[in-house]
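My questions all concern the structure below.
The values are calculated or read from the model by the stated rules, or taken from the named source; none is laboratory data. These figures come from a predicted structure and were not determined experimentally. A quick note on method: Cβ atoms are made from the backbone with ideal geometry, for glycine too, and the neighbour counts reach across all protein chains shown. Side chains included, ligands, DNA and RNA excluded: accessible areas come from the protein's heavy atoms. Shrake-Rupley method; radii C 1.70, N 1.55, O 1.52, S 1.80 Å.
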Amino acid sequence: LLYQLLQGQLEELRKQAIVLQSRFIEVESTKIAVGDIKKLKDTNELLIPIGSGVYATGKALKGNMLVDVGAGILLTKSPEEAEKILESKSGEIDSLNTKLQEEMIGVIARLNELGVELQKAIQEMQK
């Protein structure tokens, strides 16, 4: 029973790792996009994704951006400030990922220990 619980926990940790990886890729892609927008001229047109393959067109304007700082709160920030916020988010995700990996290693180690104990118990029963 404990073995199955640990297997379930490991599966949940793996799912969380996939979500974190996806979030990390999103943040890194956003950092690149912010850098690219900083290089645009005011006359450049952009395609703005709305969702489900639908885009709006717009002009690239130099200046501030709206940044989600958490809980759906948007604040006006310069591109440089936005990059710093994204860098901070990237670091937080990396830290969470490290903790998650350590937890996964602990669960795997415990599963291995239980596997050895189960093998011994099976061998004893067969004698």
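For Kirkwood radius over Cα pairs in Å, pick the label among (1) 14.5; (2) 15.4; (3) 18.5 that corresponds to the value derived from the coordinates.
Correct label, based on the coordinates given: (3).
In straight Cα distance, which lysines are under 18 Å from LYS62, not counting same-chain residues fewer than 8 positions off?
Within the straight-line cut-off, LYS62 pairs with LYS31, LYS38, LYS39, LYS41, LYS77, LYS84.
Give me the 1.4 Å probe accessible area per residue for the range 5-49, excluding ligands and nucleic acids, in Å². Write out the running numbers ahead of the final one.
Working: 3300 Å² over 45 residues.
Heavy-atom SASA per residue in the range 5-49 reads 73 Å².
Between the range 6-51 and the range 79-127, how many Å separate their Cα centres?
Spelled out, the Cα-based centre of one part sits 23 Å from the other.
I'd like the orientation of helix 79-126 relative to the chain: the angle between its Cα long axis and the longest Cα principal axis, in ° from 0 to 90, rounded to 10.
So the inclination is approximately 10 degrees.
With axes computed from alpha carbons, what is the tilt in degrees of helix 2-39 against the longest principal axis of the chain, rounded to the nearest 10 within 0 to 90?
So the inclination is approximately 20 degrees.
What part of the accessible area of the range 41-110, given as a whole %, is carbon or sulfur when the probe is 1.4 angstrom?
Carbon plus sulfur share of accessible area: 57 percent.
Let me spell out the model: positive unit charges on the Cβ of Lys and Arg, negative unit charges on the Cβ of Asp and Glu, origin at the Cα centre of the range 1-82. What dipole size does that give, in debye rounded to 20?
180 debye
Right, another one. Most fluctuating residue of ILE50, ILE108, ILE18 in a GNM of the chain with Cα springs under 10 Å: which is it?
Of the options given, ILE50 has the highest mean-square fluctuation.
Just the number please: accessible area per residue for the range 58-127, 1.4 Å probe, all protein chains included, in Å².
Dividing the accessible area of the range 58-127 by its residue count gives 72 Å².
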